[in-house]
């Protein structure tokens, strides 16, 4: 049975930034629209097959590659929480991430609150 998919505030911001970048760069929304379709198709796939992604080192957190992006998501009993959509071509420093603890915070910051913080 498919689970409900919840996009966190942070993952929605990630998507918006990605779409704005490609629309401005290409002077067209065609590629941004295609990425939107791919992200939505991936979310539907995750709803049905949540463990299709690659397990991370964090409890119930997986990642799924969509072109040059990684969708980080957490599997909960009744829903899939999409945490981040991250451009894998970006260096973590470009996002203000310079050490492993900040990297963990980066991946798990949900909306305006921190659900949990992984420390090393």
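Where a ≥ b ≥ c are the square roots of the eigenvalues of the C-alpha gyration tensor, would you call the range 4-88 rounded, which needs a/c under 1.5, or, failing that, prolate if a/b is larger than b/c, or oblate? Prolate shape, in that a/c is at least 1.5 and a/b is the bigger ratio.
As an exercise, use a Förster radius of 35 Å and the Cβ-Cβ distance of residue 78 and residue 17 to find the FRET efficiency, rounded to the nearest 0.05. So the FRET efficiency works out to roughly 0.75. When peptides 73-85, 13-25 are sorted by average Cβ neighbour count within 10 Å, with the highest value leading, the order is 73-85, 13-25.
Would you please classify the overall shape of the range 20-68 from the alpha carbon gyration tensor, given that a ≥ b ≥ c denote the square roots of the eigenvalues, rounded means a/c under 1.5, and beyond that prolate means a/b larger than b/c while oblate covers the rest? Prolate is the answer for the range 20-68, as a/c is 1.5 or above and a/b outweighs b/c. Modelled spin-label separation between residue 27 and residue 49, with each label point placed 7 Å from Cα along the Cα-to-Cβ direction: 4.1 nm.
Each reported figure results from applying straightforward, stated rules to the coordinates on display, with no laboratory input. Because the structure is predicted, anything quoted here is derived from the model rather than measured. Here Cβ is always computed from backbone atoms with ideal geometry, including for glycine, and neighbour counts include all displayed protein chains.
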